[in-house]
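Engineer: Can you read through this structure? Questions will come right after.
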Amino acid sequence: MKKYIIVLGALALSVASFSQSTYDALNMTQMDPVLGTARYSAMAGAFGALGGNPSVSKDNPAGLGVYKRFDLTFSPNLYLDNDKDVNFCLNNFSLVINFKNHEEREHGYITSSFGITYNRLRNFSRYSSVKSYDYSGSSLSDAFCSVHSPDNAFNEALDLGLIGYDEKGNAGSNFSLNDNFDKSSRYIESGHIGQWDFSYGMNISNRVFLGASLGIATLDYSQKNFYDETSLNEDGGYFFYNNFLHSDGTGVNFKLGAIVKATDFMRIGFAIHTPTLYSIREKYSVELDYNDQYPGQPEIEYDDYIYDLSSPFKLQGSLGFVIANRALIGLEYDFDNYSTMRMDDLDGKLEIQSETMKEEFNAVHSLKLGAEFKVIEEFALRAGFAFMTSPIDYDEYMSEELYLYRALSLPQKTHYITAGAGYEGDHFYCDLAYVFRNQNAKFFGMLPQDETACNMNLKNHNIIATLGWRF
């Protein structure tokens, strides 16, 4: 069994609510590696060694060195997540400025480009719910009497009569005496992560392409968890315990990349990404009520916290194949080491949270494969596939040792299937892409109450269009 007991000590303290961010940070730093322009997305983002696309600046900035003209793109995205709501966002905006070398030369500096690009890295749009009937007599109200219970929850439950003291002075639940319960939990996520990249790429002898990029990421993440229990006995009764979280912040990262044109047929790419260093402000609140005693304002806690978060360190390797100027094949491998994530606050390093990340989080291995075939000179068809391993192992016994007092969703493996088509004229081009994302997740409706996790498949559909001009 892994050392989930690390979290337990932190949650027994007055900063219990903030300690929950250890696992929220895992969700907030997972990106969708295939989102970008429609052409990029249709080929599953496998452009690391191919270049010539503005979205490659977030992967391998050396891809800007492939450009020979100015490029302006605009990419709206229509997406549908498992919350069944249709959402709209700007997936990509970019301006690539090419600096031509007016001297005819074949060796040394040939040309270079500077790019200003915006890419949507992740859309948070999720609704999950679980409902169960419990005849064991076990209630979350019992956990309020535990030494691990937050003080505010214990005190409020005591004031409401949800828990009380017996003749011997021992605290116990008055609600769990009903034995049979209807339990339900709803989990809602919303928000996004976007990134502006300021990149420079250089072409040397038409064989070596070098690039660097400064990324500025913006995070807006909200999470709501509504949990309630209703007695199935004749005397009735119910209570709810709700959690609300909102995090927003700005982060900075730096990327270096290179592409080597080994032959006219094959290109080799490599890139290194520093962690994104976020400064995050987190707002957290909790509501508790028993038999609707506080219909107006049931809030019992509000917390506002500022901390720093370091995302995973990343390495990328890629191959690109150009077949008779008629077809492209891209293959890319990404290594994201989530165990290197860290959290700090104004008083120093958050050792417990950082140690949990080091012990429990995994290195994620991602593979992206994409292809393009020109049916005619102006029209191309594209398809791709991508796969990501799980950033955290699931331990079936972990719920016995976690005292989060909220729902918990652990992301598991993810795969993508992509397809698209595009038209390219002398100056204007337009592309269309479809991206299907399927992520497995282990979901606990309430910890420490739940004993086993629900298996969930979180499906996402994206339709991306790109309008572009080259001049």
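The values are calculated or read from the model by the stated rules, or taken from the named source; none is laboratory data. In this text, all values refer to a predicted model and were calculated from it rather than measured experimentally. Quick reminder, even Gly has a Cβ in these numbers, built from the backbone with ideal geometry, and neighbours come from all protein chains shown. Ligands, DNA and RNA are stripped out before the accessible areas are found, and what is left, the full protein with its side chains, is counted by its heavy atoms. Shrake-Rupley method; radii C 1.70, N 1.55, O 1.52, S 1.80 Å.
Engineer: Enumerate the calculated ³J(HN,Hα) couplings along the stretch 413-428 in order (Karplus 6.51 cos²θ - 1.76 cosθ + 1.60, θ = phi - 60°), each rounded to whole Hz, writing x wherever the residue is Gly or Pro.
Structural biologist: The phi angles translate into 5, 9, 9, 10, 10, 10, 7, x, 8, x, 10, 9, x, 5, 10, 10 Hz.
Engineer: A follow-up question, please. If N is the number of residues in the stretch 18-83, what value comes out of its Cα radius of gyration divided by 2.2 N^0.38 Å?
Structural biologist: On the way: Rg = 15.5 Å, N = 66, 2.2 N^0.38 = 10.8 Å.
Its radius of gyration relative to the 2.2 N^0.38 Å reference: 1.43.
Engineer: Tell me the net charge near Thr22. Cut-off is 10 Å between Cβ atoms, Thr22 excluded, with +1 for each Lys or Arg and -1 for each Asp or Glu. Can you show the working numbers first?
Structural biologist: Values: positive: none; negative: Asp24, Glu355, Glu360.
Value of the local net charge: -3.
Engineer: Report the Cα-based extents of the stretch 131-231 along its three principal axes, largest first, to the nearest Å.
Structural biologist: That gives 86, 28, 20 Å along the principal axes, largest extent first.
Engineer: In square angstrom, what is the accessible area per residue of the stretch 386-470 with a 1.4 angstrom probe? All intermediate terms of the calculation are to be shown ahead of the outcome.
Structural biologist: Values: 3280 Å² over 85 residues.
With all protein chains present, the stretch 386-470 gives 39 Å² per residue.
Engineer: Kindly report the accessible area of the stretch 29-168 per residue (heavy atoms of protein chains, probe 1.4 Å, no ligands, DNA or RNA), in Å².
Structural biologist: Averaged over the residues of the stretch 29-168, the accessible area is 39 Å².
Engineer: So, one more: Assuming R0 = 56 Å, can you tell me the calculated FRET efficiency for the pair Asn206 and Asp151, based on Cβ-Cβ distance, to the nearest 0.05?
Structural biologist: That pair, Asn206 with Asp151, gives E of 0.25.
Engineer: What does the highest-first list of 245-253, 406-414 look like by mean Cβ count within 10 Å?
Structural biologist: On the way: 245-253: 18.4, 406-414: 21.2.
By packing density, highest mean first, the sequence is 406-414, 245-253.
Engineer: Using the charge dipole of the chain (Lys, Arg: +1 at Cβ; Asp, Glu: -1 at Cβ; taken about the Cα centre), state which of His365, Thr111, Ser390 has its Cα farthest towards the positive end.
Structural biologist: Projecting each Cα onto the dipole axis, the largest value belongs to Thr111.
Engineer: I need the per residue convex hull volume for the stretch 239-332, using only the alpha carbons, in cubic angstrom as a whole number. Walk me through the numbers on the way to the answer.
Structural biologist: Numbers: hull volume 15.2 nm³, N = 94.
Considering the Cα atoms of the stretch 239-332, their hull volume per residue is 161 Å³.
Engineer: How big is the charge dipole of the stretch 147-243 about its Cα centre, in debye rounded to the nearest 20, if each Lys and Arg gets +1 on its Cβ and each Asp and Glu gets -1 on its Cβ? Please list the in-between numbers first.
Structural biologist: Details: 5 positive and 14 negative charges, 189 e Å.
Around 900 debye, computed over the stretch 147-243.
Engineer: OK, next. What distance in nm separates the two pseudo spin-label positions at Tyr394 and Ser285, each 7 Å out from Cα along the beta-carbon direction?
Structural biologist: So the label points at Tyr394 and Ser285 sit 3.3 nm apart.
Engineer: Determine the sum of side-chain charges near Ser176: Lys and Arg each +1, Asp and Glu each -1, restricted to other residues whose C-beta is under 11 angstrom from that of Ser176.
Structural biologist: Working: positive: none; negative: Asp134, Asp142, Asp179, Glu229.
Net charge around Ser176: -4.
Engineer: Quick one: length gained pulling His246 to Leu72 fully straight, 0.36 nm per residue minus the C-alpha distance? Walk me through the numbers before you get to the answer.
Structural biologist: Details: separation 174, 0.36 × 174 = 62.64 nm, distance 3.43 nm.
This chain segment gains 59.2 nm when fully extended.
Engineer: Another question about this same structure. At 7 Å along Cα-to-Cβ for each site, give me the label-to-label distance between Tyr305 and Phe114 in nm.
Structural biologist: 4.2
Engineer: Also: Please get the size of the charge dipole for the stretch 217-340, origin at its Cα centre, with Cβ charges of +1 on Lys and Arg and -1 on Asp and Glu, quoted in debye to the nearest 20. Intermediate results must be reported in sequence, preceding the final value.
Structural biologist: Numbers: 8 positive and 19 negative charges, 330 e Å.
Dipole about the Cα centre, nearest 20: 1580 debye.
Engineer: Explain nothing, just compute: Karplus ³J(HN,Hα) = 6.51 cos²θ - 1.76 cosθ + 1.60, θ = phi - 60°, for every residue of the stretch 80-90 in order, whole Hz, x for Gly and Pro.
Structural biologist: 10, 9, 6, 7, 6, 8, 8, 10, 10, 8, 8
Engineer: Could you check the simple spin-label distance between Tyr238 and Cys430, using points 7 Å along Cα→Cβ, in nm with one decimal?
Structural biologist: Spacing of the two 7 Å Cα→Cβ label points: 5.1 nm.
Engineer: Charges at C-beta only: +1 for Lys and Arg, -1 for Asp and Glu. How large is the resulting dipole of the chain about its Cα centre, in Debye rounded to 20?
Structural biologist: Working: 37 positive and 60 negative charges, 646 e Å.
Dipole about the Cα centre, nearest 20: 3100 debye.
Engineer: While we're here: Residue farthest toward the positive end of the dipole of the stretch 140-284, with Cβ of Lys/Arg at +1 and Asp/Glu at -1: which of Tyr238, Thr274, Ser199?
Structural biologist: Ser199
Engineer: Then there's this: With a sphere of radius 11 Å drawn around the Cβ of Lys368, what net charge do the other residues whose Cβ falls strictly inside it have (Lys, Arg +1; Asp, Glu -1)? Show your work: numbers first, answer last.
Structural biologist: Numbers: positive: none; negative: Asp59, Glu332, Asp334.
Overall, the nearby charge balance is -3.
Engineer: Which ³J(HN,Hα) values in Hz, rounded to whole numbers, follow from the phi angles of the stretch 136-149 under the Karplus curve 6.51 cos²θ - 1.76 cosθ + 1.60, where θ = phi - 60° and Gly and Pro get x?
Structural biologist: For the stretch 136-149, the Karplus curve yields 8, x, 8, 10, 4, 4, 5, 5, 5, 8, 7, 5, 8, 6 Hz.
Engineer: For Glu451 and Asn180 in one chain, what is 0.36 nm times their gap in residues minus the Cα-Cα distance, to one decimal in nm?
Structural biologist: Details: separation 271, 0.36 × 271 = 97.56 nm, distance 1.68 nm.
95.9 nm is the gain from fully extending Glu451 to Asn180.
Engineer: What is the percent carbon and sulfur in the accessible area of the chain, measuring with a 1.4 Å probe over the protein chains and ignoring ligands? Before the final figure, lay out the partial values.
Structural biologist: Numbers: 11280 of 19480 Å².
Whole-percent figure for carbon plus sulfur exposure: 58.
Engineer: Separate question: Only helical DSSP H runs with n ≥ 4 go in: add -39500 (n - 2.57) per run for the chain, normalise by residue count and round the 222 nm mean residue ellipticity to 500 deg cm²/dmol. Don't skip to the end; give the middle numbers.
Structural biologist: Details: 7 runs with 49 residues, N = 471.
After summing the helix terms and dividing by residue count, I get -2500 deg cm²/dmol.
Engineer: To continue, here is another question. Give or take rounding to whole Å, what are the principal axis extents of the alpha carbon atoms in the chain, in descending order?
Structural biologist: 95, 43, 40 Å, listed from the longest principal axis down.
Engineer: Okay, moving on. Between Glu106 and Tyr133, what length in nm is gained on full extension when 0.36 nm per residue of separation is reduced by their alpha carbon distance?
Structural biologist: Details: separation 27, 0.36 × 27 = 9.72 nm, distance 7.43 nm.
Full extension from Glu106 to Tyr133 adds 2.3 nm.
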